[in-house]
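What follows is a single structure, written as structure tokens, with notes after it.
The values are calculated or read from the model by the stated rules, or taken from the named source; none is laboratory data. In this text the structure is predicted, and so the values were computed from the model without any measurement. Neighbour counts are summed over all protein chains in view; Cβ atoms, including those assigned to glycine, are modelled from backbone coordinates with ideal geometry. When the accessible area is computed, the model is the full protein with side chains, heavy atoms only, and any ligands, DNA or RNA have been set aside. Shrake-Rupley method; radii C 1.70, N 1.55, O 1.52, S 1.80 Å.
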Amino acid sequence: MTQLAAHPRTVELPKSDVKRTTGKLVMWALVAIALMLSWEGADMRPMALYNDAANMASFIDGFFPPDFYDWPTVAREMVITLQIAIWGTALSILCSIPFGILSSENMVPWWVWQPVRRLMDAFRAINEIVFAMLFVVAVGLGPFAGVLALWIHTTGVLAKLFSEAVEAIDPHPVEGIKSTGADKIQQIIFGVIPQVMPLWISYSLYRFESNVRSATVLGIVGAGGIGMILWEQIRGFNYAGTAATMIVIVVSVTLIDIVSQRLRKMVT
Amino acid sequence: MAAISVNGLTKTFGKSNKALNGVDFEIGHGEMVALIGASGSGKSTLIRLIAGLIEADRKSGPCCIDVLGQTVQSGGRVDRAASRVRPDIGVIFQQFNLVDRLSVLSNVMVGTLGRISRWRGYFGIFTRAERLMAMQALDRVGIAPTARQRASTLSGGQQQRAAIARALVQQSKVMLADEPIASLDPASSKRVMETLKTINEEDGITVVVSLHQVDYAVRYCPRTIALRDGQKIYDGPSSALTPEFLHELYGSSSDELILGSATSVSGAGKTRDRDDDHEAARAARPPARTPELAVATA
């Protein structure tokens with residue numbers, strides 16, 4: 001018998017809440033149904049992993065040992081990948097500042113934020129790779145197409161994140177600045193931006209990390225960077241070379257993530 | 001020409017929540033006027049209307065607010081020229097409304113925005129003279145040494161004085177203070193009220209300060225306008241506001257206005273709703289601890 005010595009009364013457990021229990025059951029049932037309905041469409045063949053195990057083993061075997069035969073090219077292309085990410089992110093930060101403010105409900109009337117937000121949705125909905133393919137046609141093969149692709153897609157993402165930060169500000173300081181006779185843009189510069197700055201910096205760094213990852217595949221469609229090498233190696237069944245390139249990507253992306261995370265912790 | 005004139009001012013929130021109902025008064029140049037009333041009586045709304053931060057009711061007839069002879073709003077619309085008169089109206093808020101992450105000096109420099117050229121404002125380019133003026137203003141309110149600190153590092157009382165410095169740099173001729181001391185401790189409240197009094201007396205700036213404690217009104221403001229449920233119920237010398245008279249004006253809710261006043265305890269002679277818990281706690285404490293409590297509240 002477990003009982004608190006000093007407490008004389010026995011206390012019953014609270015009655016279980018029928019509504020919440022059925023709610024939970026329904027939720028799990030829905031998840032199960034969604035999984036079952038998607039089985040066919042997703043071509044789920046778990047047995048293939050077992051039946052083709054020997055094939056896979058020899059395939060994986062091809063990756064070892066990684067062959068760094070052309071490491072200067074790989075390194076050069078990795079640097080270009082970073083440079084694509086840097087410019088793509090920088091341009092999108094610049095554009096996301098006005099677009100972010102123009103899609104904030106507390107800054108502009110609905111007939112401004114509605115269309116701006118829909119435009120940002122469109123930017124965001126289409127993957128970088130799709131934009132890259134389009135820009136390769138427009139400006140030719142090479143990293144510039146990749147920069148443009150990252151720019152458009154990331155603007156869509158960052159503008160949304162920026163506007164969420166703006167919508168969460170404390171309105172009082174802005175009112176204080178308004179009361180001095182400052183105009184709307186001055187109210188934003190002195191009242192809004194200082195408040196959202198830490199979040200904006202953090203989001204921008206985070207997007208830079210993601211853009212480095214995205215930039216590694218842009219080369220597959222001819223938009224510059226290390227993806228091009230990767231694509232050629234895979235197509236040429238050069239798996240040892242592929243392994244080497246992948247190691248370079250993993251190491252660089254990890255390093256960037258670590259540095260950027262440190263920086264993000266510093267600002268917030 | 002009056003410094004502030006308000007005519008037939010009505011403001012409704014939502015459908016039928018009348019925050020102000022047909023208020024009019026005039027305030028002369030260089031006056032220091034207290035605006036008293038319980039919470040919800042319309043003080044803040046009135047101040048924000050005068051500052052042109054919110055709009056009065058649209059179809060409220062010939063309602064009109066003039067400050068320094070310029071129309072701030074009429075017929076429920078903030079006048080186009082209001083942006084020109086706004087620099088002349090300094091507003092001080094209960095929550096200070098400073099930008100936490102900017103330095104105290106930057107917060108005060110904001111006061112110049114209404115007067116300098118638009119583009120200089122956008123890029124935050126301030127002249128040496130403007131910076132010196134801001135430092136002088138900070139020195140005047142007694143917090144010059146904090147100029148380089150972030151506003152968030154200041155105490156409440158210091159933040160409120162920084163806000164006053166901002167209004168000074170604004171070179172406003174009218175200063176509206178919305179519950180400037182409601183979130184401050186008694187010592188800071190006193191400093192802030194004294195700062196307001198000084199700039200009223202030395203610079204001849206018209207000051208309107210809303211308060212919910214009458215004793216501050218009596219001590220610092222010669223004239224008081226009292227509001228109840230959105231209507232003006234008294235306008236005259238503050239010295240006439242005895243606890244008995246307040247009780248006559250406000251009924252049982254007068255206690256809220258004289259909390260913290262030494263005279264109220266004997267004068268009002270009523271149970272004080274908001275203080276009940278406090279009183280009960282005091283009664284429940286062992287007697288030995290009472291002197292300590294008295295020291296803490298003194």
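Summary table
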item: Selected residue (only one of A:R9, A:R76 is of a type in the set (K, R) and at pLDDT below 85); result: A:R9
item: Residues that are outside any loop (DSSP other than H, G, I, E, B) and either among the polar types (S, T, N, Q) or open to solvent by 100 Å² or more (accessible area, probe 1.4 Å) (or both), drawn from segment A:16-26; result: A:V18, A:K19, A:R20, A:T21, A:T22, A:K24, A:L25
item: Residues of segment A:123-144 classified as over 17 Å from A:M228 (Cα atoms) and open to solvent by less than 50 Å² (accessible area, probe 1.4 Å), total; result: 1
item: Residue, nearest to the other protein chains (Cβ to nearest Cβ), within segment B:90-118, restricted to residues that are small (G, A, S) and in a loop (DSSP other than H, G, I, E, B); result: B:G114
item: Search result, residues across segment B:119-132 that are open to solvent by less than 100 Å² (accessible area, probe 1.4 Å), part of a helix (DSSP H, G or I) and within 14 Å of chain A (Cβ to nearest Cβ); result: B:R120, B:G121, B:Y122, B:E130
item: Residue within segment B:237-254 that is outside any helix (DSSP H, G or I), surrounded by 11 or more Cβ atoms within 10 Å (Cβ to Cβ) and at pLDDT 85 or above present; result: yes
item: Residues of segment B:165-199 that turn out to be open to solvent by less than 10 Å² (accessible area, probe 1.4 Å) and either over 29 Å from B:I27 (Cβ atoms) or in a helix (DSSP H, G or I) (or both), as a count; result: 9
item: Residue that is open to solvent by less than 10 Å² (accessible area, probe 1.4 Å) and assigned to a helix (DSSP H, G or I), where the choices are B:A226, B:A162; result: B:A162
item: Residue tally, condition surrounded by 22 or more Cβ atoms within 10 Å (Cβ to Cβ) and either acidic (D, E) or more than 13 Å from every other protein chain (Cβ to nearest Cβ) (or both), over segment B:133-145; result: 3
item: Among (1) open to solvent by 20 Å² or more (accessible area, probe 1.4 Å); (2) in contact (Cβ under 8 Å) with a residue 40 or more places away in the chain; (3) in a helix (DSSP H, G or I); (4) more than 24 Å from B:G42 (Cα to Cα), the one test that B:R148 misses; result: (3)
item: Residue among A:L13, A:L30, A:L94 that is in a helix (DSSP H, G or I), over 25 Å from the mean Cα position of the chain (by Cα) and free of Cβ contacts under 8 Å to residues at least 24 places away in the same chain; result: A:L30
item: So B:G42, is it over 22 Å from A:I185 (Cβ atoms) and at pLDDT below 80; result: no
item: Any hit, segment B:55-69, residues being open to solvent by 30 Å² or more (accessible area, probe 1.4 Å), among the β-branched types (V, I, T) and farther than 18 Å from B:T224 by Cα; result: no
item: Residue in segment B:146-159 that is under 28 Å from B:H29 (Cβ atoms) and either within 9 Å of chain A (Cβ to nearest Cβ) or at pLDDT below 90 (or both) present; result: no
item: Any hit, segment B:29-44, residues being within 14 Å of chain A (Cβ to nearest Cβ), within 22 Å of B:D229 (Cβ to Cβ) and not aromatic (F, W, Y); result: yes
item: Which numbered condition B:R58 misses (of (1) in a strand (DSSP E or B); (2) more than 21 Å from the chain's Cα centre (by Cα)); result: (1)
item: Some residue of segment B:77-89 being buried (at least 16 other Cβ atoms within 10 Å of the Cβ), more than 14 Å from every other protein chain (Cβ to nearest Cβ) and not small (G, A, S); result: no
